[in-house]
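Asks: Sharing a structure below in structure tokens format, with a few things to ask.
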Amino acid sequence: SPAKDIHDVRARIYAVYLLTRQGTVTTGYLATLRETLDKKYPQVWQKDSIAAFLAATYKLMKDDKQANTLMEAPFELLKKRGDPFRFERYYDPLIRDAQVLYLASRHFPERVRKLPVEALAPMVKMIQDGSFNTHSAAYVVLALDAYASSIDSKVAGKLSITEITVDGKAQALPLPENLIPRVPFSAAAAKLKFANDASMVTFYAMTESGFDKTPPTTEVKSGMEVVREYVDLQGNPLKTVKVGEEVVVKLSFRALNRQFIPNVALVDLLPGGFEPVLQPIDTPTVDPAPGSKKKAFVNRLGNVGGWAVDYADIREDRVVLYGTVSGSTSEYRYRIRATNTGTFVVPPAYAESLYERDIQARSLPASITVERASK
């Protein structure tokens, strides 16, 4: 089918590249795509990863002249710094650079060997800034692995890491002999000292995992905001309920300074001592067997405030909603039931764009008390 926009063209040339790698003759596909690109996008496609996929495809087909010409512009972009981050249709500067580096490393290794290591700095900077997602991270892993395979990687024994405690005691951490060694350090470490005796530039990353010991005390409004309220069945705010009673959870959210934000995940953790309410409905969520009157059980999730959820994942301890958030305030409501007595912390509700990680929101935490039911 004809490509509707340049993102469709990129998906098609990606498919043509894969077909060519599998041995399919794709000359006709290439001619059609080149005609579309030259006619509709003559000023932009040469600097897109589209050009790199075309170049790699022509390289596979032994047309070295066209391949080398097409790889010039996207390869030069690897050395360019400061591209503003903008994600659209599974494409952004990091994905572009990672795709180009991967294709160049795999099909044009002679170019990559002359690539200054500083050219990797823009990719690393975007990772440092958090401007990555699972999609771009996968491409970066592919790209760096292909890059490492095309250069001299005999650096075993050149790197070292030393753990230094508060009292100044130093202990060397043994590193495995590979290109990307990984080693844990103790909680007693106050500093880590990195050393590199090789001529190659070294990058490092540190990961810390766990849970907050105390709930956050402030809201987060980074391109989006979310507010969560607990109300009774009449809509009145509440702080205390009895065992067995139901609570309506009201989530309000909107995009800030944007008309809409696609692909948002909204996570609402339930407090301890509560469970989501399920109820049978007459309209099944799946087609029942012929003649069957079996009802499907779903959560009482409503389309309140005009927000149409793309998918709702109802778990024992949380509700996860996926959809597009607009600039006008939308609401979403569901019910939970108190099952145990006590005073419980209500964790903040959290929302984040799946592909633009700097767009996120967090509500304030709260508390709720569950009392024994009246006899």
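The values are calculated or read from the model by the stated rules, or taken from the named source; none is laboratory data. This is a predicted model, so every value here is computed, not measured. Neighbour counts are summed over all protein chains in view; Cβ atoms, including those assigned to glycine, are modelled from backbone coordinates with ideal geometry. Heads up: the accessible areas ignore ligands, DNA and RNA and are worked out on the full protein's heavy atoms, side chains in. Shrake-Rupley method; radii C 1.70, N 1.55, O 1.52, S 1.80 Å.
Asks: Examine the stretch 237-255 for a residue that is out of contact with any Asp or Glu (no Cβ under 9 Å at 6 or more places or on another chain), in a strand (DSSP E or B), at pLDDT 95 or above and surrounded by 13 or more Cβ atoms within 10 Å (Cβ to Cβ), and state whether such a residue exists.
Replies: In the first step, residues of the stretch 237-255 are kept if they are out of contact with any Asp or Glu (no Cβ under 9 Å at 6 or more places or on another chain); the result is 239, 244.
Keeping just the survivors that are in a strand (DSSP E or B) gives none.
No; the residues of the stretch 237-255 include none that is out of contact with any Asp or Glu (no Cβ under 9 Å at 6 or more places or on another chain), in a strand (DSSP E or B), at pLDDT 95 or above and surrounded by 13 or more Cβ atoms within 10 Å (Cβ to Cβ).
Asks: In the stretch 61-113, what residues are open to solvent by 50 Å² or more (accessible area, probe 1.4 Å), among the hydroxyl-bearing types (Ser, Thr, Tyr) and outside any helix (DSSP H, G or I)?
Replies: Passing the criteria: only TYR90.
Asks: Could you list, in sequence order, all residues of the stretch 28-55 that are acidic (Asp, Glu) and over 12 Å from ILE6 (Cβ atoms)? Explain how you work it out, then say what you get.
Replies: Within the stretch 28-55, the first condition is being acidic (Asp, Glu), and the residues that meet it are 35, 38, 48.
GLU35, ASP38 - these are the residues of the stretch 28-55 that are acidic (Asp, Glu) and over 12 Å from ILE6 (Cβ atoms).
Asks: For the stretch 304-339, name all the residues that are touching a residue at least 40 places away in the same chain (Cβ under 8 Å), among the charged types (D, E, K, R), under 20 Å from GLU352 (Cβ atoms) and out of contact with any Ser or Thr (no Cβ under 9 Å at 6 or more places or on another chain).
Replies: Listed by number, the residues that qualify are ASP317, ARG318.
Asks: Looking for something open to solvent by 40 Å² or more (accessible area, probe 1.4 Å), within 23 Å of THR341 (Cβ to Cβ) and of a type outside the set (Phe, Trp, Tyr) - is there at least one such residue anywhere in the stretch 220-230?
Replies: Our first condition is that a residue be open to solvent by 40 Å² or more (accessible area, probe 1.4 Å); within the stretch 220-230, this holds for 221-222, 227, 229.
Filter once more, so that each one left must be within 23 Å of THR341 (Cβ to Cβ): 229.
Now narrow it down to the ones that are of a type outside the set (Phe, Trp, Tyr): 229.
The answer is yes; a qualifying residue exists.
Asks: Testing LEU233 on (1) assigned to a strand (DSSP E or B); (2) surrounded by fewer than 19 Cβ atoms within 10 Å (Cβ to Cβ), one condition comes back false. Which one is that?
Replies: Checking LEU233 against (1) assigned to a strand (DSSP E or B); (2) surrounded by fewer than 19 Cβ atoms within 10 Å (Cβ to Cβ), the one that fails is (1).
Asks: Here's another thing I want to ask about it. Taking strands (runs of 3 or more DSSP E) that fall entirely within the stretch 285-343, which contain at least 3 residues that are modelled with pLDDT of 85 or more, open to solvent by less than 40 Å² (accessible area, probe 1.4 Å) and within 20 Å of VAL227 (Cα to Cα)?
Replies: Output list reads 318-326, 330-338.
Asks: Same structure, new question: Among all residue pairs at least 6 apart or on different chains, which show Cβ distances below 6 Å where the first residue, located in the stretch 194-208, is open to solvent by 100 Å² or more (accessible area, probe 1.4 Å) and the second is in a loop (DSSP other than H, G, I, E, B)?
Replies: Pairs that qualify, where the first residue is open to solvent by 100 Å² or more (accessible area, probe 1.4 Å) and the partner is in a loop (DSSP other than H, G, I, E, B), are ASP197/LYS158.
Asks: Still on this structure, I have one more. Identify, please: which residue in the stretch 17-45 is open to solvent by less than 50 Å² (accessible area, probe 1.4 Å) and outside any helix (DSSP H, G or I) and is, among those, farthest from PRO74 (Cα to Cα)?
Replies: THR26
Asks: Looking at GLY223, GLY210, which is the one that is at pLDDT 90 or above and within 23 Å of the chain's Cα centre (by Cα)? It would help to see each step written out before you state the result.
Replies: Values: GLY210 fails: at pLDDT 90 or above.
Selected residue: GLY223, the only one of GLY223, GLY210 that is at pLDDT 90 or above and within 23 Å of the chain's Cα centre (by Cα).
Asks: Can you tell me which of SER150, SER186, SER131 is touching a helix residue (DSSP H, G or I) at 6+ places or on another chain (Cβ under 8 Å), more than 16 Å from ILE95 (Cβ to Cβ) and of a type in the set (Gly, Ala, Ser)? Steps first, please.
Replies: Values: SER186 fails: touching a helix residue (DSSP H, G or I) at 6+ places or on another chain (Cβ under 8 Å); SER131 fails: more than 16 Å from ILE95 (Cβ to Cβ).
Answer to the check: SER150.
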